[in-house]
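To start, the structure under review is shown below, and the notes come after it.
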Amino acid sequence: ASAAAYRVLARKYRPSSFEDLIGQEAMVRTLSNAFELNRIHQAYMLTGVRGVGKTTTARILARAFNYHLGAKDGHAAVDRPTIDMKELGSHCQAIIDSRHVDVIEMDAASHTGVDDVRDIIESARYRPVMARCKVYIIDEVHMLSAAAFNALLKTLEEPPAHVKFVFATTDPQKVLPTIVSRCQRFDLRPIPPDLIVERLRKIAKDEKIRVSDAALACIARL
């Protein structure tokens, strides 16, 4: 039973809201202003080195697009896109667990062809089943073929009102300029070592692990 309950720490402590993200203050501030003014783009591109948090950020964005919290304890209901998600909303846990029917994740490294993109285009025409909007998260988007990019272009430029795209890539130079120009791009920065040490120290405390500052600094540098 103990083995079944164990979760890898990288998953257990994966950020689930913008407040949990560290080292990406510029992106969070830009998105906060956009959501507050209701100027939400139809497509976002997240770039950065391996492990910087692109897919995690994409899921947080999917939560923000579809956030809904019913009225309780005298507080009014929240039924609009927002990055202020202090509580889990109606769709949040399913999105965090990658099992929400309206948040579709695709790995472009193994789905590179025009037929894969055609499936997205066809399904995008239909309204979401449960949430406010459909969100297509395409990881390693630079792996799509030129034909697949061209097939996606028209839908990306003028998607239905209920569709959002979030692309993640470690190699944005390989993405066609016509695709990049239709996305709002955020370059996620490597997290500074001092912030990594601070986060690791908190995790070690929560997990009741004794570890020296020198060991934490070594892990952070690696």
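The values are calculated or read from the model by the stated rules, or taken from the named source; none is laboratory data. Here the structure is a predicted model, which means the values were calculated and not measured. Neighbour counts run over all protein chains shown; Cβ positions are idealised from the backbone, glycine included. SASA here: full protein model, heavy atoms, side chains in, ligands and nucleic acids out. Shrake-Rupley method; radii C 1.70, N 1.55, O 1.52, S 1.80 Å.
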Given (1) among the hydrophobic types (A, V, I, L, M, F, W, C); (2) open to solvent by less than 20 Å² (accessible area, probe 1.4 Å); (3) closer than 18 Å to Ala43 by Cα, Cys92 misses just (3)
Where a residue in segment 55-66 is touching a residue at least 60 places away in the same chain (Cβ under 8 Å) and its partner, wherever it lies, is buried (at least 23 other Cβ atoms within 10 Å of the Cβ) and part of a helix (DSSP H, G or I), with Cβ under 8 Å and at least six apart
Arg59/Ile95; Ala62/Ile95; Asn66/Ile95
One residue from Asp84, Asp20 being out of contact with any strand residue (DSSP E or B) (no Cβ under 8 Å at 6 or more places or on another chain), open to solvent by less than 80 Å² (accessible area, probe 1.4 Å) and acidic (Asp, Glu)
Asp20
Would you please name the residue that is nearest to Tyr136 (Cα to Cα), looking only at residues in segment 99-114 that are open to solvent by 60 Å² or more (accessible area, probe 1.4 Å) and not aliphatic (A, V, I, L, M)?
Glu105
So Ser110, is it under 26 Å from Ser181 (Cβ atoms), without any contact (Cβ under 8 Å) to a residue 40 or more places away in the chain and among the hydroxyl-bearing types (Ser, Thr, Tyr):
no
Output the residues belonging to segment 37-86 that are closer than 30 Å to Ala220 by Cβ and touching a Gly at 6+ places or on another chain (Cβ under 7 Å).
Lys54
